[in-house]
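Comments concern the structure below.
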Ligand SMILES: *Cc1c(COP(=O)(O)O)cnc(C)c1O
C-alpha cells in the first residue's frame, strides 16, 4: 500500500458550479460529528428550516434540504408530484429543461414540450398556448436560471399563467437561489428545488426544497405510492418534519448540513437583497471587461444572469486549450459550453463567494494573457482597464 492522503490544489472556481466555497463553510464542516437524532442536532435542523425559508422568501412549512445534490431535488419534485398519466408542461430552453422531460417520463407522466432557443428565456405566450391546447395538464415545470445558457426566465409571470389554467408549478432554482431575486411566496411558486454548490457557496451534495400547501395536497391525494422510497416526502417528513418526535429515515449527512447551515448564516448576515446586488455589481464589471476584450454575450441584457456569463470564443481559438491553460497556469476553472453550445461559448460563473472584485480582475487578466499569447484577435490589455473603470465609478 502506498496511497497517501489526498490534497487537492487550491483553485479559483468560476465555472457553472461548484463555486468557491467560503472558508467558514469548510471550517464548520470539520466540527465534531454527532448523532442525527441528538437533540443538539435537531436544534440545528430547526434553525436550518428558518434559514432556508429566508433564502427562499417563503413561510412554507415543508422547507428542507434533500440529502443529495440538486438533481435529487429535481427528482424529489417530479417523483412526488407527478403520477402515472399526469400531463406535465415542460418549458425547455437548455439542458436542465431536457432533464425535467426525462423525469416526467420516468414517473409515467406525459411531457408536453414548450421549446425555446438556447440562450432565450421561456416565452410566456408559448406556455399559454400550450396550456390552452392541453386543458387536462396539471403541472407546469420550468428552470428559473438556465445554467447551460445563462438565461433567466420570468418566473413570476410563468407561475401566474400556470395558475390561470389550474396547474401546479415545479421551479428549478438551483442557480438562482442567493444570486438573483427569487420570491417563492410572493410569486406563488408551488414547489421548488435548489442546490448548495452554486450561489450558496457550500460544498455540493445537498438540495434545498420547498413545497406549499397546494403541492402537499396533490401529494396527499395520490392514488399511487411515490415510486422512490428514498425521495418519498411522506416518509422523509417523518424525520425532517417530525418536531420533537423525529423518526429515523436515513442517516442525515451531518457535517454537510453544518456546512449548509454556515452558508445560510453567511447569507443572512449579508442580507439576501445585498447578495443579489453584489452579483449584479460584479457581473457588470466582468461584462465591461469581456466586451472591451471583444467577446460577446449570447444572452440579451434583459434576461442575462449575473451569476452565469456565456460569452463567445474568438475566431480560430481552441477553446478547450484555453481552459486547460487557465487551469494549469492560473488554477482558474471556467466552464465549457454544454449541449447545443458545446465548443461555442465559455461559461464564466460569478456565484456566491466567488462573486467578488478580485475574481473578476483575475479572470479577465488571465484570459487576456492566454488569448494574447495564442495570437487570438482580441483587444489585448483592454479588459482589466474596462472593469477597473467600472469599479472606479
Ligand atoms: C447544477 C444544476 C442542477 C443539478 O444540480 P447538481 O447539484 O449538479 O445535481 C440542476 N439544475 C440547474 C439549473 C443547475 O444549474
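For this structure, a couple of remarks:
- Radius of gyration, Dmax [segment 1-79; alpha carbons; angstrom]: 16.7, 53
- Distance between the pseudo-spin-label points of residue 27 and residue 327 (7 Å out from Cα toward the beta carbon): 3.1 nm.
- Degrees, to the nearest 10: 254-270 long Cα axis against longest axis of the chain: 70
- Three-way shape call for segment 202-326 based on the alpha-carbon gyration tensor, with the a/c threshold at 1.5: prolate
- For segment 23-269, the antiparallel share of DSSP beta bridges with both residues in that region comes to about 35%.
- Seen through its C-alpha gyration tensor, with square-root eigenvalues sorted a ≥ b ≥ c, segment 190-235 comes out oblate because a/c lies at 1.5 or above while a/b is not bigger than b/c.
- For segment 56-122, the spread of Cα positions along each principal axis, largest first, Å: 34, 30, 22
- With all pairs of separate Cα atoms included, the chain yields a Kirkwood hydrodynamic radius of 21.8 Å.
- Among beta bridges that DSSP assigns inside segment 1-157, antiparallel share in %, nearest 5: 20
- For the peptides 337-346, 302-311, the ranking by packing is 302-311, 337-346, with the highest mean count of neighbouring Cβ atoms within 10 Å listed first.
- Shape category assigned to segment 53-198 from the gyration tensor of Cα positions, a/c cut at 1.5: rounded
- Centre-to-centre, using Cα atoms only, segment 276-326 and segment 11-38 are separated by 27 Å.
- Cα-based equivalent ellipsoid of segment 181-267: semi-axis lengths in Å, sorted from largest, via gyration tensor: 24, 19, 12
- Angle in degrees between helix 95-106 and the longest Cα principal axis of the chain, rounded to the nearest 10: 20
- On Cα atoms only, tilt of 272-293 relative to the major axis of the chain in degrees: 30
Readers should treat all values here as calculations from the given coordinates under stated rules, not as data from a laboratory. Every value quoted in this text rests on a predicted model; they were computed, and no experiment measured them. Here the Cβ is made from the backbone with ideal geometry for all residues, glycine too, and neighbour counts use every protein chain on show.
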